[in-house]
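Laboratory data are not the source of any read-out in this text; all were calculated from the coordinates shown. Everything numeric in this text was worked out from a predicted model, so none of it was measured. Neighbour counts are summed over all protein chains in view; Cβ atoms, including those assigned to glycine, are modelled from backbone coordinates with ideal geometry.
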Amino acid sequence: MGWIHGRCQRLALCFFVLFCPLSLAAAEPPPSPPPLAPDKQGEMKEIRLTEIQDGEKKWVLKADNADYVRDKDRILLTQVWVEIYGVDGNTSLITGDNGFIGIKTRDLTLQGNVKAKSAEYEFSSEEVHYNPQTRILSVPGPVRLEGPRLAVEGKDLTVDLKNHTLVLAHHSQTKLRLRGGLWQF
């Protein structure tokens, strides 16, 4: 029985000698990340922001990447998804390839392949701005707006989410779907 005890002690000593240097080497801290560019203060992956005003959720933003640009006081975003909550409980979903959000103003601009969808309407454009103080979406360039029976093209669209109004300043084409066919204006 004594030889088993001695043999176990030797095995334990061999194990300690063989594996302790590996575990000590593994305990070293990982290398430091590369320094950020001088104009950036921080860089994030898979960001999620929620805006709450007066105890109510106003919007939720998700992006694959975010970079804080110190000299412009904004966050640059890529692959952006924003859900805006309406006063009546309806939501609007807006997506875009890139964008930015102002740190102090919380205004949001999306650019590149911008798509927006609400319960009844969808629109597509290359750029959209959202002002959280006024709760207004504005599309300065060309836009295509579609509903269940209507397709409108133009530019300079303003959507007032608080007052439920939509104004297209420059109209170029309207298509109305009727049971018997399609009317164009």
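If the viscosity is 1.567 mPa s and the temperature 4 °C, what Stokes-Einstein diffusion coefficient in µm²/s follows for segment 44-184 when Rh is the Kirkwood radius over Cα pairs? Write down the numbers at each step before the final one.
Working: Rh = 15.8 Å.
Reported coefficient: 82 µm²/s.
Whole-Hz ³J(HN,Hα) for each residue in segment 150-160, computed from phi via Karplus 6.51 cos²θ - 1.76 cosθ + 1.60 with θ = phi - 60°, x for glycine and proline: what do you get?
These are the phi-based 3J(HN,Hα) values: 9, 10, 10, 10, x, 8, 6, 8, 10, 10, 9 Hz.
Placing unit charges on C-beta atoms (Lys and Arg positive, Asp and Glu negative, everything else neutral), compute the dipole magnitude of segment 44-184 about its Cα centre in debye, rounded to 20.
Using Cβ point charges on Lys, Arg, Asp and Glu, segment 44-184 gives about 240 debye.
Mind ordering 102-113, 123-134 by average Cβ neighbours within 10 Å, highest first?
Output ranking for 102-113, 123-134: 123-134, 102-113.
Once you list every other residue whose beta carbon is under 9 Å from the beta carbon of PRO148, what net charge do they have if Lys and Arg are +1 and Asp and Glu are -1?
Details: positive: ARG149, ARG177; negative: GLU120, GLU146.
Taking every Cβ under 9 Å from that of PRO148, the sum is 0.
For the residues LEU157, LEU178, LEU93, LEU145, what sequence is obtained by ranking on other C-beta atoms within 10 Å, fewest first?
Numbers: LEU157 24, LEU178 8, LEU93 13, LEU145 21.
Ranking LEU157, LEU178, LEU93, LEU145 by Cβ neighbours within 10 Å, fewest first, gives LEU178, LEU93, LEU145, LEU157.
What net charge do the residues around PRO132 carry, taking every other residue with its C-beta under 9 Å from that of PRO132, with Lys and Arg at +1 and Asp and Glu at -1?
On the way: positive: LYS58, ARG106, ARG135; negative: GLU51, ASP107.
Neighbour charge sum, excluding PRO132 itself: +1.
Quick one: order LEU150, LEU49 by neighbouring beta-carbon count within 10 Å, fewest to most. Each step should come with its number before you reach the end.
On the way: LEU150 13, LEU49 16.
If I rank by nearby Cβ atoms, fewest first, I get LEU150, LEU49.
Given H placed 1.01 Å from N in the peptide plane, which residues other than close sequence neighbours of ASN65 have an amide H under 5 Å from its amide H?
Residues meeting the amide H criterion: GLU46, ILE47, THR78.
For segment 65-77, take each phi angle, set θ = phi - 60°, evaluate the Karplus expression 6.51 cos²θ - 1.76 cosθ + 1.60, and give the result in whole Hz per residue in order, putting x for glycine and proline.
9, 8, 10, 7, 9, 4, 5, 9, 6, 9, 10, 7, 10
Which net charge results for the neighbourhood of ALA116, defined as the other residues with beta-carbon distances under 13 angstrom from its beta-carbon, given Lys and Arg at +1 and Asp and Glu at -1? Spell out each step's value before the answer.
Details: positive: LYS115, LYS117, ARG144; negative: GLU83, GLU120, GLU122, GLU126, GLU127, GLU146.
Every neighbour counted, the sum reads -3.
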